[in-house]
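Scroll down for the structure; my scribbles are underneath it.
The values are calculated or read from the model by the stated rules, or taken from the named source; none is laboratory data. Remember, it's a predicted structure, so these values are computed and weren't measured experimentally. FYI the Cβ positions are ideal-geometry reconstructions off the backbone, even for glycines, and counts take in every protein chain you see.
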């Protein structure tokens, strides 16, 4: 069975046709578009479908960044950052679909985890994962996505989360000082205020204030590129702080979900800066959880490579 799949973030929309293939899914006709160039989701989807050079499937699953409301028709969501309203019944009506689903993007990403190939990820903490143990995925992108996958009676169950709005923990005296600075803008400081693309800029301003320096007007890619090439020491310091905070948040997620099946790191920010992981204190922050530090030593952590795992998860939702 072929199906239309999409992954809609706050910045980009990704579309593809998914074909069942060797117990998983093969993606074709992949297109990535800038959401800001379209007035609504239906315009973006319609343009892609117009250029499709194969038979149009009659089923679709749309994975969307944000809390999705379940409905008898298949779900709906309003993306506050874009103003896009996406409804399953509207998809069926506009595009002559027999079935449409709207799901949370990180719920889709979680469902992709058992279906990913070894080439789609790499081990950051290479310890054995518990077979059929709970898995969780944490990913900084436009926001901070969090979801889990649990094995129940021979089937997988997705547990969506909104961990991006849990409070950001401090792991050192220096981070306490950073949080005091960040709290001037946002009190309490929640995870995605730092652990996201926009959060990277928030953190950079905080690092500059910590050093008594006026922050430049930078975008998230500016902070990343200046930090990676070493042209701005405070940008590099920001990236290291970002990865340290991510280690703390990932360890929290492992505890929330008892994730013996592994913690998976995704999102759009990490692939650009993952080369700095060995230089950071991600590992120490991940396990620095008091009496449960020894337990966390046995939790596997894998980094998802840049690609389209949420599209794989969206395809799987139509069989879920």
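Please enumerate the residues belonging to the range 195-215 that are in contact with a helix residue (DSSP H, G or I) (Cβ under 7 Å, 6 or more places away or on another chain), buried (at least 21 other Cβ atoms within 10 Å of the Cβ) and part of a loop (DSSP other than H, G, I, E, B).
Once the filter is applied, which keeps residues that are in contact with a helix residue (DSSP H, G or I) (Cβ under 7 Å, 6 or more places away or on another chain), buried (at least 21 other Cβ atoms within 10 Å of the Cβ) and part of a loop (DSSP other than H, G, I, E, B), the range 195-215 yields only 195.
For the range 44-60, give me each residue that is touching a helix residue (DSSP H, G or I) at 6+ places or on another chain (Cβ under 9 Å) and either without any contact (Cβ under 8 Å) to a residue 40 or more places away in the chain or within 19 Å of residue 10 (Cβ to Cβ) (or both).
Within the range 44-60, 44, 45 qualify.
Quick one: which helices (runs of 4 or more DSSP H) sit completely within the range 6-116 and have at least 1 residues that are closer than 14 Å to residue 316 by Cβ and under 18 Å from the mean Cα position of the chain (by Cα)?
Passing ranges, in order: 105-112.
Select, from 157, 226, 213, the only residue that is closer than 24 Å to residue 310 by Cα and without any contact (Cβ under 8 Å) to a residue 24 or more places away in the chain.
Answer to the selection: 157.
Here are the criteria: (1) within 27 Å of residue 113 (Cα to Cα); (2) crowded, with 23+ Cβ neighbours inside 10 Å. Tell me which single one residue 235 does not satisfy.
Looking at each condition in turn, residue 235 falls short on (1).
Applying the selection to the range 253-276, what residues are surrounded by fewer than 20 Cβ atoms within 10 Å (Cβ to Cβ) and out of contact with any helix residue (DSSP H, G or I) (no Cβ under 6 Å at 6 or more places or on another chain)?
Within the range 253-276, 255, 256, 258, 260, 268, 271, 274, 275 qualify.
Taking residue 218 and the conditions (1) touching a residue at least 12 places away in the same chain (Cβ under 8 Å); (2) assigned to a helix (DSSP H, G or I), which numbered condition does it fall short on, given that it satisfies the others?
The failed condition is (2).
Do we have residue 139 as modelled with pLDDT of 90 or more, farther than 19 Å from residue 268 by Cα and in the same structural domain as residue 219 (by TED's automatic domain parsing) here?
no
Residues 138, 159: which one is crowded, with 22+ Cβ neighbours inside 10 Å, in contact with a strand residue (DSSP E or B) (Cβ under 6 Å, 6 or more places away or on another chain) and assigned to a strand (DSSP E or B)?
The conditions single out 138.
Going residue by residue through the range 164-186, is there one that turns out to be under 27 Å from residue 107 (Cα atoms) and in a helix (DSSP H, G or I)?
Yes, because at least one residue in the range 164-186 is under 27 Å from residue 107 (Cα atoms) and in a helix (DSSP H, G or I).
Scan the range 61-70 and tell me whether some residue there is more than 24 Å from residue 162 (Cα to Cα) and not assigned by TED's automatic domain parsing to the domain that holds residue 199.
The answer is no; no qualifying residue exists.
Can you report the number of residues in the range 57-68 which are surrounded by fewer than 16 Cβ atoms within 10 Å (Cβ to Cβ) and at pLDDT 90 or above?
0
If only one of 260, 285, 272 is more than 17 Å from residue 174 (Cα to Cα), part of a helix (DSSP H, G or I) and touching a residue at least 12 places away in the same chain (Cβ under 8 Å), which one is it?
None of the others qualify; the one that does is 272.
Would you confirm whether any residue within the range 24-44 is surrounded by fewer than 17 Cβ atoms within 10 Å (Cβ to Cβ), closer than 20 Å to residue 1 by Cα and out of contact with any strand residue (DSSP E or B) (no Cβ under 9 Å at 6 or more places or on another chain)?
yes
Can you tell me which residue in the range 300-319 is farthest from residue 25 (Cα to Cα), limited to those that are part of a loop (DSSP other than H, G, I, E, B) and more than 14 Å from the chain's Cα centre (by Cα)?
My answer is 300.
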